[in-house]
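Report on the following structure.
FYI, it's all coordinate maths here, none of it is from the lab. Owing to the predicted nature of the structure, the values given are computational and were not obtained by experimental measurement. Note: ideal-geometry Cβ built from the backbone for every residue, glycine included; neighbour counts use all protein chains shown.
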Amino acid sequence: MFNPFKRKEDEQKMKESGRMPPGQSLTQRFPVLHYGPIPSVDLSTWTFKLWGLVEEPSTLTWEEFNQLPRTKIQMDLHCVTRWSMFDTEWEGVLVRSIIEKGLLKIKPEAKYVVQHAEYGYTTNLPLSVMMQDNFLLATHYNGSPLTPEHGYPLRGVVGAIPGRDDLDTPYLWKGAKWIRGLEFLSEDRQGFWEQAGYHNDADIWKEQRTQW
């Protein structure tokens with residue numbers, strides 16, 4: 001339930017603890033923001049593709065994707081539209097786990113990754129960021145499967161892990177909803193919002209919202 005007095009109290013606590021990036025405000029709800037319509041999904045035909053600078057491109061079915069090593073992580077989410085949520089729990093697959101377990105072999109020249117989602121939507125990140133503990137290919141949020149408006153059946157999610165100052169943390173748009181594949185590249189390629197003027201790095205602590 002929305003409680004403005006509790007919200008302001010919690011927001012102040014997060015600021016005092018150093019967990020609130022500049023220019024952000026705490027939200028008590030999970031806002032729904034995306035470009036384009038919510039896609040309809042048929043899991044019997046859904047696939048997830050891994051290609052580009054990899055030794056063997058692969059396409060996984062939904063059943064095969066769910067056989068990958070799974071992880072649960074707790075993160076703070078920070079949206080470029082200035083809202084923040086804290087202590088959210090996510091479950092899914094770490095990109096690092098797929099690579100470290102030899103399930104995906106990337107070529108040495110791979111340095112960047114483009115996330116491809118429904119309707120041709122894309123966003124980009126350095127491979128080094130996607131290999132961190134705070135980027136997840138998520139199927140569950142707070143113990144339940146993702147809802148359609150939040151990316152069902154699979155979304156990229158990136159956030160801040162409290163106490164992990166060693167991690168680069170971009171704004172939430174750098175994890176694509178309704179993600180359908182990862183393309184590994186030797187050179188960076190901007191995605192949808194980056195081409196529209198959003199900052200390419202999107203560091204929450206440097207408040208990198210736009211390119212200008």
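Less than 5 angstrom separates the built amide H of TRP83 from those of SER25, all sequence-distant by 5 or more or on a different chain. For PHE135, no residue whose modelled amide H falls within less than 5 Å of its own remains once neighbours fewer than 5 places apart on the same chain are excluded.
Phi angles across the stretch 184-193 convert, under the Karplus curve 6.51 cos²θ - 1.76 cosθ + 1.60 with θ = phi - 60°, into 3J(HN,Hα) values of 9, 10, 8, 10, 5, 9, 5, x, 4, 6 Hz, Gly and Pro given as x. Counting beta carbons within 10 Å around each of LEU146, LEU68, LEU43 and listing the fewest first gives the order LEU43, LEU68, LEU146. Across the stretch 165-171, rounded Karplus estimates of 3J(HN,Hα) from the backbone phi angles (6.51 cos²θ - 1.76 cosθ + 1.60, θ = phi - 60°) give 6, 7, 9, 6, 10, x, 5 Hz, Gly and Pro being marked x.
With N set to the number of residues, divide the alpha-carbon radius of gyration of the chain by 2.2 N^0.38 Å and report two decimals. Display every interim value, and only then the final one.
Numbers: Rg = 16.9 Å, N = 212, 2.2 N^0.38 = 16.8 Å.
Compactness ratio reported: 1.00.
Here the Gaussian network model covers the chain, with springs between Cα atoms less than 10 Å apart; of ASN134, ASN66, ASN200, ASN66 fluctuates the most. Of interest is the spacing of the C-alpha centroids, which for the stretch 119-198 and the stretch 3-77 amounts to 7 Å. Only helices enter the 222 nm calculation for the chain: every DSSP H run of n ≥ 4 contributes -39,500 (n - 2.57), and dividing by all residues gives -3500 deg cm²/dmol, rounded to 500.
Close amide-amide hydrogen proximity is noted between GLY52 and PHE184, each under 5 Å apart and 5 or more residues distant or on a separate chain (H modeled in the peptide plane; Pro and chain starts excluded). Between helix 4-17 and the chain there is an angle of about 70 degrees, using the helix long axis and the longest principal axis of the Cα atoms. Under 18 Å from a label point set 7 Å out along the Cα-to-Cβ vector of LYS105, the amide N atoms of the stretch 171-196 belong to 184-185.
Using θ = phi - 60° in the Karplus curve 6.51 cos²θ - 1.76 cosθ + 1.60, the 3J(HN,Hα) couplings for the stretch 108-121 round to x, 7, 6, 10, 9, 9, 9, 8, 9, 10, 4, 6, x, 5 Hz; x is entered for Gly and Pro.
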